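A quick write-up on the structure given underneath.
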Amino acid sequence: WGVESVFKDLQTGGVTASNATCAIWEGFEAAMNNLADWDGWFEEFSGYIRPVRSVGDIHSAKTEGRAGIILGWQNATPVQNDIRRFQLFHRLGVRIVQLTYNERNLFGNGCWERTDEGLSTLGQAAIGEMNRLGILIDLSHVGDRTVLETIDCSQQPVCFTHANARSEHDSPRNKTDEAIRRLVARGGVVGVNAFP
């Protein structure tokens, strides 16, 4: 990100909207710095891209011939242990948050952990706050039990933005048929990964 040719290629390729990861392992301050970068890029490269904060912004991006950028995290760690910060980050444009990224954090377990104890109490509170704000919860790199508990706990549909079916390829990163069925039954969406 941040390179003119990348943003130009998105526009030239006719991409209407893309989820751009702006945090994975970052804490609060580093995530804020990343958002400051994006704020500058939206201004500098406004001929190619525009921020997406609502469904209407996706439609506007299509009409304007620009690529809409949906800011997202692959880990909820930037809020650290203060879920009030979700509201701040929402105001700054973050619209998709993955609960964990491969490893255990304060909210739940990632898919590469040896054991999966499911959601923490803080994780349950975080889900409630993200539901309230309209932040989409992503479960792509999340552990099996944490996935199922999040689907059940969330009052809004959740998603796997980039995960495949484990029954097709046995990897902890892929999702069980049970998880896929439960997610879809609750209105969620599965976005597949392009693996060789």
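The values are calculated or read from the model by the stated rules, or taken from the named source; none is laboratory data. Computed from a predicted model, the values in this text were never measured in an experiment. With ideal geometry, Cβ positions are generated from the backbone for all residues, glycine too; neighbour counts draw on all protein chains shown. Accessible surface is based on the protein model in full, side chains and every heavy atom, while ligands, DNA and RNA are left aside. Shrake-Rupley method; radii C 1.70, N 1.55, O 1.52, S 1.80 Å.
Take the residues in the stretch 165-196 that are within 19 Å of the chain's Cα centre (by Cα) and open to solvent by 80 Å² or more (accessible area, probe 1.4 Å); name whichever of them is nearest to Leu136 (Cα to Cα).
Val189
If Ser46 satisfies all but one of (1) over 27 Å from Val147 (Cβ atoms); (2) open to solvent by less than 30 Å² (accessible area, probe 1.4 Å); (3) polar (S, T, N, Q), what's the number of the condition it fails?
Only one criterion is unmet by Ser46, namely (2).
List the number of the failed condition for Ile69; all other conditions in (1) aliphatic (A, V, I, L, M); (2) touching a Ser or Thr at 6+ places or on another chain (Cβ under 7 Å); (3) open to solvent by 60 Å² or more (accessible area, probe 1.4 Å) hold.
Going through (1) aliphatic (A, V, I, L, M); (2) touching a Ser or Thr at 6+ places or on another chain (Cβ under 7 Å); (3) open to solvent by 60 Å² or more (accessible area, probe 1.4 Å) one by one, Ile69 breaks only (3).
Being of a type in the set (A, V, I, L, M) and open to solvent by less than 50 Å² (accessible area, probe 1.4 Å) is true for just one of Leu136, Leu92, Leu99, Leu106. Which residue is that? It would help to see each step written out before you state the result.
Values: Leu136 fails: open to solvent by less than 50 Å² (accessible area, probe 1.4 Å); Leu92 fails: open to solvent by less than 50 Å² (accessible area, probe 1.4 Å); Leu106 fails: open to solvent by less than 50 Å² (accessible area, probe 1.4 Å).
The conditions single out Leu99.
Test of understanding: among Gly128, Gly118, Gly123, which residue is of a type in the set (Gly, Ala, Ser), part of a loop (DSSP other than H, G, I, E, B) and out of contact with any Pro (no Cβ under 6 Å at 6 or more places or on another chain)?
Details: Gly128 fails: part of a loop (DSSP other than H, G, I, E, B); Gly123 fails: part of a loop (DSSP other than H, G, I, E, B).
None of the other options fit; the residue is Gly118.
Scan the stretch 16-28 and give yes if some residue there is part of a helix (DSSP H, G or I), at negative phi, open to solvent by 40 Å² or more (accessible area, probe 1.4 Å) and of a type outside the set (S, T, N, Q), otherwise no.
Taking the stretch 16-28 as the starting set, the residues that turn out to be part of a helix (DSSP H, G or I) are 28.
Pick out the ones that are also at negative phi and you get 28.
Filter once more, so that each one left must be open to solvent by 40 Å² or more (accessible area, probe 1.4 Å): 28.
So of that shortlist, the ones also of a type outside the set (S, T, N, Q) come out as 28.
Looking through the stretch 16-28, at least one residue is part of a helix (DSSP H, G or I), at negative phi, open to solvent by 40 Å² or more (accessible area, probe 1.4 Å) and of a type outside the set (S, T, N, Q).
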